[in-house]
Every structure is written in C-alpha cells, then in structure tokens.
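Nothing in this text is a laboratory measurement; each read-out follows from the coordinates by a stated rule. Computed from a prediction, not measured in an experiment: that's the story for all the values here. Cβ coordinates were reconstructed from backbone atoms using ideal geometry, including for glycine residues, and neighbour counts include every protein chain displayed.
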Amino acid sequence: MDSAVEEKLYKFFSKFPLIEYKKSNILLRPEDTPQGVSYLLQGYVRIFFITKNGHEFTLNIFKPGSFFPLTWAISNIDNTYFYEAMGDIKILRAPKEVFLDFIQKDKEILYLINYRLLVGIDGITSRLEYLITGDARCKVANVLLMLSRRFGKANLKNGHVKIDFNITQKDIAQLAGITRETVCFEMKKLEANKSIKRANNSYIICNVKKLDTGALISKSGVTPQTL
C-alpha cells in the first residue's frame with residue numbers, strides 16, 4: 001500500500017493518548033465493549049478464542065500499523081474474541097465515532113481498510129482449507145508460509161525468508177489447531193530436510209518450494225477442497 005496513506009492513518013491516531021500493555025496482558029475479552037479503535041504502534045497482538053475443551057485457537061496476529069476491532073467499529077458486531085499482547089506493546093486508541101468520521105471522509109483510507117480486510121479473508125480461507133483437508137505436516141507448513149508472507153524478510157542473496165519476530169511452537173500450534181508436541185515433531189522433520197532452520201529465536205524458511213503446502217497435500221493423497 002501507498003506509504004503516504006499509511007502515514008495519514010498514523011497522523012490521525014497520533015492525536016490520541018499512548019497506551020502500553022505488558023506481555024500476556026489481555027486488551028479485550030469476549031464480554032468487553034471496546035473503548036475505541038486501537039492502532040498498534042509497537043509489538044504484536046493475537047486474536048483468539050477458547051474451545052469447549054479449554055484449548056486456545058489463534059485466528060490472527062496483528063503487526064504494527066494494524067488497527068482493530070473493525071467489525072465492532074464499522075458493523076456494530078459485538079466482540080466475541082480475546083485480544084492478547086504477544087510481548088510488550090504500545091497502542092494509540094481513538095474514539096469510535098471520531099474514527100468513523102475520519103474514514104468516511106477519506107476514500108484512500110477506506111480503500112486501505114477494504115484492501116486489508118480482503119487480504120485477511122484470503123489468508124483465513126487458505127488456512128481453513130488446510131485445517132479441514134490437511135494432515136499435521138500440511139497445517140504446520142501452511143502456518144509457516146502464512147507467517148513468512150505477513151512477517152517475513154527476504155534475503156535476496158540466498159532466497160531465505162526470516163519470520164521477523166519471536167514465534168514459538170506454542171504459537172504455531174494455536175494457529176494450526178494441533179498440539180505443541182505435534183508441532184515439535186513436524187518442525188524437526190522440516191529442519192531435517194532443510195526446509196527451515198532456527199536462528200536467534202526466529203525461524204528462517206530456507207526453501208519455500210519444499211514448504212509449499214499444495215505440494216505437501218498432493219503427496220499426502222488429500223485433494224484440496226474449494227470453500
């Protein structure tokens with residue numbers, strides 16, 4: 001997206017107070033009414049729900065420059081999820097009505113919101129496909145590819161892609177909908193065949209083609225479904 005539009009968005013939110021949260025602090029709970037629209041200035045926030053069995057399932061991870069919750073702000077849909085700081089974070093929070101007035105007067109910002117929503121829907125649809133049809137290997141590979149696309153930094157010399165924040169095997173398990181032990185087992189296999197490696201608390205995708213989820217599903221004998 002145009003950096004000038006991103007700058008315009010930041011300037012709007014910068015008029016409002018800075019709020020800080022520590023790692024694992026909950027910003028929002030399902031029963032909470034949001035206090036406004038939050039702009040993530042620093043750090044990462046995950047959105048998750050808890051299953052009937054008590055397992056946490058991560059739906060999305062917000063990176064700096066994200067703002068939320070849009071479904072509540074724009075569509076008046078009650079929040080039904082937890083929002084948790086994945087580390088120490090800083091946000092700027094604007095009142096809902098002020099935010100709505102701002103975006104309704106600016107077509108570029110509206111386009112930015114639509115763009116982000118559509119990219120998000122595409123990512124969730126892809127994950128849903130592999131959650132339904134894929135085995136554990138496919139699910140882990142799909143999560144790693146998704147993280148590399150959203151948070152990756154490419155090395156043009158060797159083609160490696162570094163997932164540029166400290167993602168844990170527990171985080172991957174909560175994104176993939178499987179146990180941490182299963183993730184650990186699958187990650188060891190991916191490291192053994194040199195698809196990925198671990199360096200300085202970050203994962204590096206060494207071979208995107210090897211990690212391609214479509215290829216893995218084809219090899220596992222599962223036919224992807226169109227959702």
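In degrees, nearest 10, range 0 to 90: what is the angle between the Cα axis of helix 3-13 and the longest Cα principal axis of the chain?
Once rounded, one gets 50 degrees.
Say a site is exposed when it is one of the trypsin sites (Lys or Arg not before Pro), sits in a DSSP loop, and has at most 15 other Cβ atoms within 10 Å; what is then the longest site-free stretch of the chain?
Details: sites that count: LYS15, LYS22, LYS23, LYS52, LYS105, LYS157, LYS194.
In short, 53-104.
Do any of LYS22/LYS188; LYS11/LYS105; LYS157/LYS209; LYS170/LYS209; LYS11/LYS153; LYS23/LYS197 go past 21 Å between their Cα atoms, and which?
Numbers: LYS22/LYS188 31 Å; LYS11/LYS105 15 Å; LYS157/LYS209 17 Å; LYS170/LYS209 25 Å; LYS11/LYS153 26 Å; LYS23/LYS197 26 Å.
Too far apart for the 21 Å limit: LYS22/LYS188; LYS170/LYS209; LYS11/LYS153; LYS23/LYS197.
Using the 10 angstrom Cβ neighbour count as an exposure proxy, how do CYS206, CYS184 rank, fewest first?
Working: CYS206 18, CYS184 14.
Arranged by neighbour count, lowest to highest, CYS206, CYS184 become CYS184, CYS206.
Farthest toward the dipole's positive end in the stretch 3-105, which of ILE61, LEU18, VAL98, given Cβ charges of +1 (Lys, Arg) and -1 (Asp, Glu) about the Cα centre?
LEU18
Under Stokes-Einstein, with the Kirkwood radius over Cα pairs standing in for Rh, what whole-number D in µm²/s applies to the stretch 122-220 at 37 °C and 0.692 mPa s?
Values: Rh = 13.3 Å.
Using the Kirkwood radius from Cα pairs, D works out to 247 µm²/s.
With an 8 Å cut-off on Cα pairs and a minimum separation of 6 or more residues, tell me the relative contact order of the stretch 3-105 in percent.
41
Kindly state, to the nearest 0.05, the FRET efficiency for GLN35 paired with LYS197, given R0 = 35 Å and r defined as their beta-carbon distance. The partial results should precede the final answer.
Values: r = 42 Å, r/R0 = 1.20.
E between GLN35 and LYS197, to the nearest 0.05, is 0.25.
Suppose R0 equals 45 Å; then what is the FRET efficiency for LYS107 and ALA154 from their Cβ-Cβ distance, rounded to the nearest 0.05? Present the calculation step by step, with values, prior to reporting the outcome.
Numbers: r = 32 Å, r/R0 = 0.71.
The formula returns an efficiency of 0.90 here.
Quick check on the chain: helices-only [θ] at 222 nm, where DSSP H runs of length 4 and up contribute -39,500 (n - 2.57) each and the sum goes over total residues. Nearest 500, please.
Numbers: 9 runs with 102 residues, N = 227.
Taking each H run of at least 4 residues, the total per residue is -13500 deg cm²/dmol.
Please state the charge dipole magnitude for the chain, taken about the Cα centre, from unit charges on C-beta atoms (+1 on K and R, -1 on D and E), reported in debye and rounded to the nearest 20. Kindly include the intermediate steps, with their values, before the conclusion.
Numbers: 33 positive and 23 negative charges, 187 e Å.
Computed charge dipole of the chain: roughly 900 debye.
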